[in-house]
Amino acid sequence: MTARNVARRGVAGHGMGGPADVRRPASPASQPMDLPVGAIERDVRRAIGVARRIARNPFIAAAPTAHQLAFALAEEREVLLTGSGGCGKTVGLLTAALADVDRPGYRALLVQRTLAGPVTLAELAREWLDGSSASWDSTARVWRFPSGASLDLGHERYAYVAGQYHFIGLDDATLFSLDEYRKLFQGLLSDSQTRVIYQQASNELGNLRELLQLNAREVAAVGGLSPGVALWKVGQRSFVVEHLVSRAERWVVDTEPREAAGTSSR
């Protein structure tokens, strides 16, 4: 198996106060008893597997805290690790980036706005990786691993170098503007040859066209999609596809009844 097939981006926020915390997109509240037993078992097995891989990883020098492990486990494309200064956000970011360096072809990028601060990403990476089988390419500012994986390190001058990555981590996200943030993560989009696009709000269609290089016909199609229907863009070809799900799968994708129930119970 090659590097993670779902490109991810990790963001370490700063100055939020309190211990580190992992934040994901909001979802309807539900009780554990609402979850299928199989889904709970899969999550537990996956958590144990990832924790074991991190523990065996010779390049990760610190055992992750519960919040750092939750950050590494998150499957969402965008995850925010928040907390006050010194609570372990940078360590969590580096841990998540290094978790897959045993996989051939894996590429990660960690970016810090400036080299100021108590501990920079570059300093922490050197502390962990010096003396290991990883090698530092000072010209390209890249750590290279025996598997063929790589970890790129950037700061303000190097933040927007074009590239394709499976993981992008951003330290101190509050120091970046929204435009800079979006540009940085275009590397994740360019890495995907197949894109599945559901209906978007009309005020987002312009950004969508720019980010995904859609033509006018494709943008119009996305704006008029119905629930369960998506635009599939495979290379330079695009198709409108209705997604059919079985009765067992519908519980996973049809969240509106649970959302309505949660709202009415408040």
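Nothing in this text is a laboratory measurement; each read-out follows from the coordinates by a stated rule. What you see is a predicted model; the values in this text were computed from it and never measured. Positions of Cβ are generated from backbone atoms using ideal geometry, with glycine treated the same way; all protein chains shown enter the neighbour counts.
One table, with the values for the structure above:
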{"item": "Sequence ranges 236-248, 98-110, ranked by mean other-Cβ count within 10 angstrom, highest first", "result": "98-110, 236-248"}
{"item": "At R0 = 30 Å, FRET efficiency that the Cβ-Cβ distance of A61 and L175 yields, to 0.05", "result": "0.70"}
{"item": "Approximate spin-label separation H243-S147, in nm, with each point projected 7 Å along Cα-to-Cβ", "result": "2.8"}
{"item": "Segment Q164-Q193, extension gain: residue separation times 0.36 nm, minus the distance between their alpha carbons", "result": "9.3 nm"}
{"item": "Interchain or long-range residues, amide H under 5 Å from L170's placed H", "result": "G10, V11, A12, V111"}
